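The values are calculated or read from the model by the stated rules, or taken from the named source; none is laboratory data. Just so you know, these numbers come straight off a predicted model, no measurement behind them. Using ideal geometry, Cβ is built from the backbone for each residue, glycine included, and neighbour counts are taken over all protein chains shown.
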Amino acid sequence: MATNSNMPDQESGQVSALIQALQEDRRWLLRHLDEGCWSTFRLDLAALERELGQLLELCEAQVESG
């Protein structure tokens, strides 16, 4: 995302929408993990959820900094 300063507004909006959709998916995963789903894979999925959250926060910051 090094070219964000050159990103057209429409593309920036699409990226923001994608980030939002991925955030919603991450929250869905977290909710299901908290409910006890996929107990065999809980530790791996929880680690993946944390890493995804960090990546999405970084992406949001990059888009906002334009």
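Take the conditions at pLDDT below 95, assigned to a helix (DSSP H, G or I) and on the phi < 0 side of the Ramachandran plot and apply them to Gln20. Does it pass?
no
If you go through segment 11-66, how many residues are under 11 Å from the mean Cα position of the chain (by Cα) and of a type in the set (Asp, Glu)?
Of the residues in that region, 6 qualify.
Results for (1) aliphatic (A, V, I, L, M); (2) surrounded by 15 or more Cβ atoms within 10 Å (Cβ to Cβ); (3) in contact with a Cys (Cβ under 6 Å, 6 or more places away or on another chain); (4) farther than 27 Å from Glu11 by Cβ, shown as yes or no for each residue.
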{"residue": "Arg27", "(1), (2), (3), (4)": "no, no, no, no"}
{"residue": "Glu35", "(1), (2), (3), (4)": "no, no, no, yes"}
{"residue": "Asp44", "(1), (2), (3), (4)": "no, no, no, yes"}
{"residue": "Leu56", "(1), (2), (3), (4)": "yes, yes, no, no"}
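What pairs can you find where one residue is in segment 37-62 and more than 16 Å from Arg27 (Cβ to Cβ), the other is assigned to a helix (DSSP H, G or I) and among the polar types (S, T, N, Q), and their Cβ atoms are less than 9 Å apart, with a gap of 6+ or different chains?
Final answer for the pair search is Gln62/Asn4.
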